[in-house]
1. Just the residues that are closer than 19 Å to Leu100 by Cα and among the polar types (S, T, N, Q), please, taken from the range 116-132.
2. For the range 151-206, what are the residues that are touching a strand residue (DSSP E or B) at 6+ places or on another chain (Cβ under 6 Å), within 27 Å of Asp138 (Cα to Cα) and outside any strand (DSSP E or B)?
3. Is it true that Val97 is in contact with a strand residue (DSSP E or B) (Cβ under 6 Å, 6 or more places away or on another chain), among the β-branched types (Val, Ile, Thr) and open to solvent by less than 30 Å² (accessible area, probe 1.4 Å)?
4. Please go through the range 100-115 and pick out each residue that is open to solvent by 60 Å² or more (accessible area, probe 1.4 Å) and at pLDDT below 95.
5. Please determine, by comparing only the residues of the range 121-134 that are farther than 21 Å from Ile166 by Cα and not hydroxyl-bearing (Ser, Thr, Tyr), which one is most open to solvent (accessible area, probe 1.4 Å).
6. Could you list, in sequence order, the residues of the range 187-210 that are over 30 Å from Glu66 (Cα atoms) and either open to solvent by 20 Å² or more (accessible area, probe 1.4 Å) or modelled with pLDDT of 95 or more (or both)?
7. Does the range 151-178 hold any residues that are open to solvent by 70 Å² or more (accessible area, probe 1.4 Å) and either among the charged types (D, E, K, R) or in contact with an Asp or Glu (Cβ under 6 Å, 6 or more places away or on another chain) (or both), and which are they?
Amino acid sequence: MRLRHIIPFHAAACFGLFFLLLSGSGNVFADRIRYAAAPGSKLVLNGDSTLHKYACVAQQFVAEGELKIASKKRDAETIRTAVIEGKMSTWTVRVPVVGLKSEHSGLDENLQKSMRSDQFPEITFKMTTYKTDAAGPDNMLAIKAQGVLTVAGRSRNVSLTGLMTITGAGFTLSGKKDLLMSEYSVEPPVLFMGTVKTDDKIEIQFNLNMLSNQ
């Protein structure tokens, strides 16, 4: 008879501890911070041609993701620890092709045609994994992200390297990446009836000011 009373007591104690931890009274806590690119963020496609260099600036784009933290604190050290521990996820960037503008409207139109913007209106990047290394001051981290870049309907695995600088309100991400348009079946655009040709190689330059939208 004693055994029948002892077993329910231990079971009740375990359930009580479980619900205590879930209620936040214990040491277990988890939260997700949503981030989005704030005004002032910049994304540019830099290229060269037989006439001169050019830059196509993304007039509008979306960059967003989340960070899981194990603390109620949201100070720079807590954010840095979570990033190092690999808690960033669902990070994506979407760039409308028609929003890429240079100083030459003819180049913009030909680029849109080459990228078949009517069929594939967006350039997208979706992060799959990443790793970090210390870089300078405590609020800075070097990041190498792996992900899938889709241009003109063709997707390829790419690696992006950047520098994260953590601030009180969020963090900035900056870096560069070289690509070949031909890798995505995009023919480099031309100008002036083909007399000016652009190079196959382009450089993606980004400086994203990521802020919490919570």
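The values are calculated or read from the model by the stated rules, or taken from the named source; none is laboratory data. Quantities reported herein were computed from a predicted structural model and do not represent experimental measurements. Here the Cβ positions follow ideal geometry from the backbone for every residue, glycine too, while neighbour counts run over all protein chains shown. Accessible surface areas use protein heavy atoms only, side chains included; no ligands, DNA or RNA. Shrake-Rupley method; radii C 1.70, N 1.55, O 1.52, S 1.80 Å.
1. Step one: of the range 116-132, the residues closer than 19 Å to Leu100 by Cα are 116-125.
Result: Ser117, Gln119, Thr124.
2. The one that is touching a strand residue (DSSP E or B) at 6+ places or on another chain (Cβ under 6 Å), within 27 Å of Asp138 (Cα to Cα) and outside any strand (DSSP E or B): Ala169.
3. Numbers: in contact with a strand residue (DSSP E or B) (Cβ under 6 Å, 6 or more places away or on another chain): no; among the β-branched types (Val, Ile, Thr): yes; open to solvent by less than 30 Å² (accessible area, probe 1.4 Å): yes.
When the stated conditions are applied, Val97 does not pass them.
4. We begin by selecting, within the range 100-115, every residue open to solvent by 60 Å² or more (accessible area, probe 1.4 Å); these are 101, 103-105, 109, 113.
Glu103, His104, Ser105, Glu109, Lys113 - these are the residues of the range 100-115 that are open to solvent by 60 Å² or more (accessible area, probe 1.4 Å) and at pLDDT below 95.
5. Start the filter on the range 121-134 by keeping residues that are farther than 21 Å from Ile166 by Cα, which leaves 121-126, 128.
Those still in the list that are not hydroxyl-bearing (Ser, Thr, Tyr) too: 121-123, 125-126.
Details: Pro121: 75, Glu122: 74, Ile123: 23, Phe125: 29, Lys126: 123 Å².
Of everything passing the filter in the range 121-134, Lys126 is most open to solvent (accessible area, probe 1.4 Å).
6. Let us first name the residues in the range 187-210 that are over 30 Å from Glu66 (Cα atoms), namely 187-201.
If the condition is that a residue be over 30 Å from Glu66 (Cα atoms) and either open to solvent by 20 Å² or more (accessible area, probe 1.4 Å) or modelled with pLDDT of 95 or more (or both), then Glu187, Pro188, Val190, Leu191, Phe192, Met193, Gly194, Thr195, Lys197, Asp199, Asp200, Lys201 are the ones that fit.
7. Hits for the range 151-178 are Arg154, Arg156, Lys176, Asp178.
Residues are listed down the side, and each one gets a yes or a no for (1) part of a strand (DSSP E or B); (2) closer than 25 Å to Ser159 by Cβ:
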| site | (1), (2) |
| --- | --- |
| Ile79 | no, yes |
| Thr90 | yes, yes |
| Val98 | no, no |
| Asp118 | no, no |
| Lys126 | yes, yes |
| Asp133 | yes, yes |
